[in-house]
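Each remark here refers to the structure printed beneath this line.
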Amino acid sequence: MRILGIETSCDETSAGVVEDGTTIRSNVIASQTDLHAHFGGVVPEIASRRHVELILPTIQEALDQARPVIPPGIDTWRDETALDEIDCIGVINRPGLIGALIVGVAAAKSIAFSRGIPLVPVHHLEAHIYANWLSPVESREQRVESRERPAVEVRFPVVCLVVSGGHSDLILMSGHGEYEILARTRDDAAGEAFDKCARAMGLGYPGGPLIDKLAKEGNPRAVAFPRGKVGDTLDFSFSGLKTAVIRYIEGAEGRVPLPDLAASFQEAVVDVLVDHTFRAASERGVKQVLLGGGVAANSRLRSAVRSRGEQLGIEVIAPPPVLCTDNAAMAAAAAYFAFQRGEVAGLDMDCYATERLGGRG
Ligand code: KG4
Ligand code: ZN
């Protein structure tokens with residue numbers, strides 16, 4: 001089954017084609033980061049307008065790149081995927097910037113209506129989780145060879161750590177589409193903390209990748225920043241850490257080299273994320289941990305989760321960094337499994353600025 005995924009929930013316009021929920025045929029991501037960097041964050045109205053400009057060329061590019069596998073022995077083959085080879089549309093319709101979501105949803109509805117194919121609404125966090133089912137992008141030749149390659153083997157129940165610019169959630173996933181939220185952030189999301197602290201350090205936007213890079217040259221023990229705790233719950237809190245970083249910069253500018261500051265901040269975030277994730281895993285007796293969301297691209301988080309997983313005998317699965325940040329292939333993967341459960345929407349499908357994973361919409 002070939003699904004066209006569409007994602008426009010924030011500042012990435014993305015379209016991609018995925019086969020059977022696992023094999024990426026294309027994943028085109030048109031980032032608007034440059035447009036928003038000037039303002040130090042995403043400006044919703046600007047994002048919506050840019051999505052309008054980018055959505056059709058992005059979908060066309062995704063179809064062009066999703067060339068079919070050439071069966072051995074055949075030398076002539078059409079070089080793009082036609083719309084009538086798409087079996088289903090999966091679109092992220094919640095949560096996100098409403099004016100941005102509307103653009104992707106309108107495009108998805110139009111295609112579904114005109115081709116007479118099913119339309120599957122996808123929750124943004126669910127898409128981040130399903131990025132773990134995607135096989136890495138392969139060249140055309142590799143695709144022919146590895147056609148039968150099995151997908152990543154996820155064995156339920158698993159604990160998912162989804163950390164992005166808007167969310168920091170620990171989710172128990174006990175089957176396809178079955179979620180229990182174990183923890184969330186009480187204030188800032190992890191990615192938000194990265195972005196805000198990067199701004200305070202005078203770095204650009206988005207701050208996560210810049211701090212990640214800078215921290216590689218720094219000492220993570222240079223400054224002992226607080227590890228946010230919310231009683232003895234698994235919930236996260238990053239606003240205290242953010243304030244501590246800002247206070248530190250105001251009081252001690254120039255005293256600690258920026259790479260040390262970046263590394264110390266990053267370590268404080270990573271420590272808490274890793275601790276809570278494995279506490280959740282051991283409380284629920286699960287043997288696999290899945291990562292997702294933009295912050296899961298962080299190199300220190302990835303290595304810390306892996307080494308703790310090895311110590312505890314818990315397998316860690318993480319999408320490659322490019323599939324951690326927002327993209328449409330993850331929407332198509334989630335849509336494949338949602339379609340199997342009959343989660344098909346009519347043309348009256350709406351989009352929602354906020355909604356819990358597992359809620360209605
Ligand atoms: O999932 P995502 O692309 O968009 C949202 O759903 O929010 O996540 C974006 C967030 C931003 O806050 C960005 O700074 C952060 O993910 N991020 C990172 C890294 N790459 C992206 N944070 C830390 N380290 C990274 N390498
Ligand atoms: Zn995201």
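Roughly how many Å is it from the Cα centre of the stretch 308-356 to that of the stretch 225-264, as a whole number? Each part reduced to its Cα centre gives a spacing of 30 Å. Helix 44-65 axis versus longest C-alpha principal axis of the chain: approximately 50°, rounded to the nearest ten. The largest accessible area among PHE194, PHE156 belongs to the first residue in PHE156, PHE194, and the rest follow in falling order (1.4 Å probe, all chains). Loop sites by DSSP among the trypsin sites (Lys or Arg not before Pro) of the chain, restricted to those with at most 16 other Cβ atoms within 10 angstrom, leave 1-77 as the longest stretch without any of them. Summarising the label geometry, the points placed 7 Å from Cα in the beta-carbon direction at ARG155 and ALA224 lie 4.1 nm from one another.
At the residue level, ASP232 shows approximately 130 square angstrom of accessible surface with a 1.4 angstrom probe and all protein chains present. How large, in percent, is the carbon and sulfur part of the accessible surface of the stretch 258-298 at a probe radius of 1.4 Å? It is 48 percent, rounded to a whole number. The order of HIS128, HIS176 by accessible area, most exposed first and with a 1.4 Å probe, is HIS176, HIS128.
Potential lengthening of the chain between ASP350 and SER114 amounts to 83.1 nm, from the contour at 0.36 nm per residue minus the alpha-carbon distance.
Taking the three principal axes of the alpha carbon atoms in the stretch 156-309, the coordinate ranges are 50, 27, 25 Å, sorted in descending order. Among ILE249, ILE6, the sequence by solvent-accessible area, most first, with a 1.4 Å probe is ILE249, ILE6.
Just from its helices, what would the mean residue ellipticity at 222 nm be for the chain, if runs of 4 or more DSSP H residues each count -39500 (n - 2.57) and the sum is divided by every residue, rounded to the nearest 500 deg cm²/dmol?
When only DSSP H runs of four or more count, the value is -13000 deg cm²/dmol.
Under a cut-off of 14 Å between alpha-carbon atoms, report the aspartates and glutamates in cross-link reach of LYS213, not counting same-chain residues fewer than 8 places apart. Straight-distance partners of LYS213: ASP195, ASP260, GLU267. Once each of the GluC sites (Glu not before Pro) sitting in a DSSP loop with at most 11 other beta-carbon atoms within 10 Å is removed, the chain keeps 1-147 as its longest stretch. Counting only heavy atoms of the protein chains and using a 1.4 Å probe, CYS351 has close to 10 Å² of accessible surface.
Does anyone have the angle between helix 190-200 and the longest principal axis of the chain? Alpha-carbon axes, 0 to 90°, nearest 10? Tilt of helix 190-200: around 60 degrees. The angle separating the long axis of helix 98-115 from the principal Cα axis of greatest extent in the chain is about 20 degrees. Accessible area per residue was computed with a 1.4 Å probe on protein heavy atoms; SER168 scores about 0 Å². Per residue, the accessible area of the chain comes to 43 Å², computed with a 1.4 Å probe over protein heavy atoms only. With all protein chains in place and a 1.4 Å probe, the accessible surface of the stretch 1-106 carries 56 percent carbon and sulfur.
The values are calculated or read from the model by the stated rules, or taken from the named source; none is laboratory data. This one's a predicted model, so the numbers in the text were calculated from it and none came from an experiment. Ideal geometry is used to build each Cβ from the backbone, glycine not excepted, and the neighbour counts take in all protein chains shown. Protein only, heavy atoms only, side chains kept; ligands, DNA and RNA dropped before computing areas. Shrake-Rupley method; radii C 1.70, N 1.55, O 1.52, S 1.80 Å.
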